[in-house]
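The structure under discussion appears below in the form of structure tokens.
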Number of protein chains: 4
Amino acid sequence: MSYILTTQCSDEIGLIAKITSLCHEHNLNIVRNNEFVDREGKRFFMRTEVTGSPTSLFLSQLQSNLPDDAQVKLHSPTKVKVVLLATKEAHCLGGVLLKQYENALNIEIQAVIANYPDLKPLAEAFNVPFHCVSHEGLSRTEHDQQVGDLIANYQPDLVGLAKYMRILSPEFVARFKDKIINIHHSFLPAFIGAKPYHQAFERGVKIIGATAHFVNNELDEGPIIVQDVTQVTHANNAEAMAKIGKDIEKTVFCKALQLASEHKLFINGTKTVVFK
Amino acid sequence: MSYILTTQCSDEIGLIAKITSLCHEHNLNIVRNNEFVDREGKRFFMRTEVTGSPTSLFLSQLQSNLPDDAQVKLHSPTKVKVVLLATKEAHCLGGVLLKQYENALNIEIQAVIANYPDLKPLAEAFNVPFHCVSHEGLSRTEHDQQVGDLIANYQPDLVGLAKYMRILSPEFVARFKDKIINIHHSFLPAFIGAKPYHQAFERGVKIIGATAHFVNNELDEGPIIVQDVTQVTHANNAEAMAKIGKDIEKTVFCKALQLASEHKLFINGTKTVVFK
Amino acid sequence: MSYILTTQCSDEIGLIAKITSLCHEHNLNIVRNNEFVDREGKRFFMRTEVTGSPTSLFLSQLQSNLPDDAQVKLHSPTKVKVVLLATKEAHCLGGVLLKQYENALNIEIQAVIANYPDLKPLAEAFNVPFHCVSHEGLSRTEHDQQVGDLIANYQPDLVGLAKYMRILSPEFVARFKDKIINIHHSFLPAFIGAKPYHQAFERGVKIIGATAHFVNNELDEGPIIVQDVTQVTHANNAEAMAKIGKDIEKTVFCKALQLASEHKLFINGTKTVVFK
Amino acid sequence: MSYILTTQCSDEIGLIAKITSLCHEHNLNIVRNNEFVDREGKRFFMRTEVTGSPTSLFLSQLQSNLPDDAQVKLHSPTKVKVVLLATKEAHCLGGVLLKQYENALNIEIQAVIANYPDLKPLAEAFNVPFHCVSHEGLSRTEHDQQVGDLIANYQPDLVGLAKYMRILSPEFVARFKDKIINIHHSFLPAFIGAKPYHQAFERGVKIIGATAHFVNNELDEGPIIVQDVTQVTHANNAEAMAKIGKDIEKTVFCKALQLASEHKLFINGTKTVVFK
């Protein structure tokens, strides 16, 4: 059986030796290892894929051998639980649903929640529960409360914003801290905010992109996870760019969920560490 | 013998028919044709590659058949003349010099002008005249005047800023209007201004890029010609990004000069039309 | 209303002028035009997007003005009809179904036909009729006959092989001549035939790809329409490559159908002409 | 001071722990570590970047702690010595010379050897010794002997074939075993052998590429190091493809030398392990 051990802590000399030696003592065979030291921030990150039977003794010894601030997690190969939020656009939601159907992502989509009913047939076509929570007549706080309660029932590992066209309240963000992944339809930090394809067209760029990022309280300012781009030309107006961009959005959003589901993703302050 | 006819004017019905029919009447065989109509701006752009012997009668008939604002140019297959400006960095300058040596660009580099002497050996290694015009002790206006006079002597078709790390005065920009091509070391409009790789590192982007653009009086705001990008990771600090970025800068700058030299480039207000 | 005129014929001087002048005479405004001359093969290809009301007189005059071998077609903006063939794998089929659902392709999927029942739920989730025609107990000729009869009932413009893992009989190929588009899971002509990802892994390539092509009677030898690639590493075994490759296959197959649906695709002997 | 330790040996449990623990005991701080286990071949590969002062005792202890077949090397930060072979084409040779001039590669080009005199001015422009060894009137064995003797005088770490258009004798390949890096102008294994761009044009591919690989005795069959590709269209004939391809060849060849110079490259039978 294969497990993934993720470690992050303040950096000091000998960390890799400590971790790998303990694995060896506990008869855990390392089949893949990635580490990164952020020398500026003096932080250590490691992802270790082992075969064997890690015990709770192993984990407690590991924790006590490492610096006090160490965050150690052992992930069994079960699927990562995700609730997806959406509005009306089908492409990102559909992309993830299809990937799950293909068995191409290590995730279980527990539910889709949207502020319009349009995507109900799509979710149900893939046998995923769909909840419509209209924002009509509700304050942002009230709406976020209702949506948040629905999400909380599922106890997901991740909340994926599959083109959820709502600004989130700080309370909502805090409630699902470090769990919310958004897809923004531009190559951040270019074209922050609304209508990025119109901005891109006006500026006459030759490349457009999309960005998946964790959500914090600054709009489009959270730690970036994945970005990708594609060429456009003078012949593409804003509508054409939006159409072209949908494929990139879909790909980038799925890629971010895949990285998260494989435990290859660490938040490092305002940035991420992503092991390939 | 092959010629390239470029046309731009306000759009109206029947322009392609007019131009191509006149070519036919004058026994000019069209071997390649590209056109674009900017429907918002109501502008028409066309690049026509013909074989045959275009006469001055052909050109005057063409001009009189088209709308009054038509800009018609016939380019013979002679090389496009370029003066390159640089400072201390070798990669963009060297990239163009090497491409010329390989005979891979339809350009003739007439001279290199720099505000430091460092790149003299590189220019001279490729037998290109090198002028150092130090900015020490000169006002921006005076320095631009001296550099401008040197350039003007060569009567170039284009002025290429091969990492020329000076802000240009409006007088200089006006003097070589629509002829100055700059390479900026970011994916514009992200990271305008100084130290874009440091900005990129601080933001934690996963892709960096470079942008070639025409220069106007707004810093890094001129019409974009070519952009390209490359992947970076959390393991790349600002210095590593700068090193990785140099290849993209070189490629993008050479590509912009190539497009200009093949008369595939039109300025359309704040944007460009680029035929591939 | 917008129409697309496609023309191909043997090349001669003045063809663009003839076609565009006739458009002008008939009050058809050209909003976009692409042409290509294959100088070796002496063939002319043109795609002309016009607004206005083309009459049958226009078409007959056009035909009589052009060389005898001219194939002229006028496409109204109706959707291109497609029947998809599949086996067991969901990704290419699902990709196209999802794109249709998003309204991102100018196609109407009339039916899905497969030699196994596995993909029935996927087709039906998108409200597309599904037919299972098992090959068990049938000769290739018999099976192709049954599948072909089913297809013929729909009178599709295109037959898309969405990972249809069967070799087609010459009779089947002839029956739907120039209409069958296949997706092959390698960067052709590398790794023709079975198990391309295993071949790629054995050879230790650093890039894998996919190829959409028209089908003729030589296995994987038909005219190539679209290709795309992605990076792999020494850490990817054949199974990992296959998983990574599915995204490329899906993208490339959708792109080929999109080009066909926008009438940007011409067969030119053993090659294609593709207007972007 | 920073050193790079490279290790390869047959795989067994606990190797990472052994190596990193010994580093720790010897006060070597690991700033970057990459490892790979080829599970099929049961081979272990590791590249470890350390700061500190590795002693000969460290190395002998390391060697004795590891399996008998272990190849352990400690690389000081001195430049990797390279002799380049060329024929008449300037782009790959010039690309590497320019990169060295920019100080962008950790290499020292000791000499250029060519079978024609054409590239003498280019090498000398960058102050690199040039030797012409004409193949006229010599058997392949004789020519390879003369070129090999010249190379041997320089005792290079690598021999780079910068478009050296000669087939090498088995003796020559054996003499510089595992040191010869070639650039082939196709996306191998497609279009092995002569005139790959003509083959690519005939096949009508939409993407062309280049491949850097170690040389063994099978033509174009050595372990692949780097590959890259670029889009082409129906409008590009073989000559245009060759021109477009030169940029990819240059980039891929430089990238392969860079990886080698940073000790990120391991030969694993018929394949390579490449740490990014």
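The values are calculated or read from the model by the stated rules, or taken from the named source; none is laboratory data. Quantities reported herein were computed from a predicted structural model and do not represent experimental measurements. As a convention, Cβ positions derive from the backbone with ideal geometry for all residues, glycine included, and neighbour counts pool all protein chains shown.
Taken over segment D:219-236, the criterion of being surrounded by fewer than 19 Cβ atoms within 10 Å (Cβ to Cβ) and under 14 Å from D:Gly193 (Cα atoms) is satisfied by D:Leu219, D:Asp220, D:Glu221. Applying the set (1) crowded, with 21+ Cβ neighbours inside 10 Å; (2) closer than 16 Å to A:Leu158 by Cβ to A:Asp178 leaves exactly one unmet item: (1).
Going by what's in this entry, would C:Asn216 be described as within 10 Å of chain D (Cβ to nearest Cβ), surrounded by fewer than 22 Cβ atoms within 10 Å (Cβ to Cβ) and touching a helix residue (DSSP H, G or I) at 6+ places or on another chain (Cβ under 7 Å)? Judged against the criteria, C:Asn216 is not a match. For the criterion of being free of Cβ contacts under 8 Å to residues at least 40 places away in the same chain, over 30 Å from D:Val50 (Cα atoms) and in contact with a Lys or Arg (Cβ under 8 Å, 6 or more places away or on another chain), D:Val205 fails. A residue that is under 30 Å from A:Lys88 (Cβ atoms) and basic (Lys, Arg) can be found somewhere in segment C:98-105.
Annotation note: Cβ proximity below 8 Å between a residue of segment A:119-136 that is of a type in the set (D, E, K, R) and a residue that is at pLDDT 95 or above and surrounded by 13 or more Cβ atoms within 10 Å (Cβ to Cβ) (sequence gap 6+ or interchain) occurs for A:Lys120/A:Ala114; A:Lys120/A:Phe130; A:Lys120/A:Cys132; A:Glu124/A:Phe130.
Among the residues of segment B:133-145, the ones that are assigned to a loop (DSSP other than H, G, I, E, B) and of a type outside the set (Gly, Ala, Ser) come to 4 in all.
Per the conditions (1) farther than 17 Å from A:Thr270 by Cβ; (2) within 14 Å of chain B (Cβ to nearest Cβ); (3) without any contact (Cβ under 8 Å) to a residue 12 or more places away in the chain, the sole criterion not satisfied by A:Ser139 is (2).
Here's the yes/no breakdown for (1) in contact with a strand residue (DSSP E or B) (Cβ under 8 Å, 6 or more places away or on another chain); (2) more than 10 Å from chain D (Cβ to nearest Cβ); (3) in contact (Cβ under 8 Å) with a residue 60 or more places away in the chain:
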| site | (1), (2), (3) |
| --- | --- |
| C:Pro170 | no, yes, no |
| C:Phe176 | yes, yes, no |
| C:His184 | yes, yes, no |
| C:Lys195 | no, yes, no |
| C:Ala210 | yes, yes, no |
| C:Pro223 | yes, no, no |
| C:Asn237 | no, no, no |
| C:Thr251 | yes, yes, yes |
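All of (1) crowded, with 24+ Cβ neighbours inside 10 Å; (2) farther than 30 Å from C:Phe45 by Cα; (3) within 12 Å of chain C (Cβ to nearest Cβ) hold for D:Leu257 with one exception: (3). Within segment D:91-108, at least one residue is within 14 Å of chain B (Cβ to nearest Cβ), in contact (Cβ under 8 Å) with a residue 60 or more places away in the chain and more than 29 Å from B:Asn103 (Cβ to Cβ).
One residue stands out among those in segment D:25-59 that are under 25 Å from A:Glu40 (Cβ atoms) and free of Cβ contacts under 8 Å to residues at least 24 places away in the same chain: the one that is farthest from the other protein chains (Cβ to nearest Cβ), which is D:Arg32.
Per-residue answers, yes or no, for (1) touching an Asp or Glu at 6+ places or on another chain (Cβ under 8 Å); (2) part of a strand (DSSP E or B):
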site: B:His198; (1), (2): no, no
site: B:Ala212; (1), (2): no, yes
site: B:Asn217; (1), (2): no, no
site: B:Glu221; (1), (2): no, no
site: B:Asp228; (1), (2): no, yes
site: B:Glu239; (1), (2): no, no
site: B:Lys246; (1), (2): yes, no
site: B:Gln258; (1), (2): no, no
site: B:Thr272; (1), (2): no, yes
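Of all positions in segment C:80-96, at least one carries a residue that is closer than 15 Å to C:Ile167 by Cα, in contact with a Gly (Cβ under 8 Å, 6 or more places away or on another chain) and in the same structural domain as C:Cys254 (by TED's automatic domain parsing). Restricting D:Ile192, D:Ile167, D:Ile109 to those that are modelled with pLDDT of 95 or more, in the same structural domain as D:Lys246 (by TED's automatic domain parsing) and β-branched (Val, Ile, Thr) reduces the list to D:Ile109.
Checking each residue in segment D:1-27 for being closer than 11 Å to D:Leu62 by Cβ, hydroxyl-bearing (Ser, Thr, Tyr) and part of a strand (DSSP E or B) picks out only D:Thr7.
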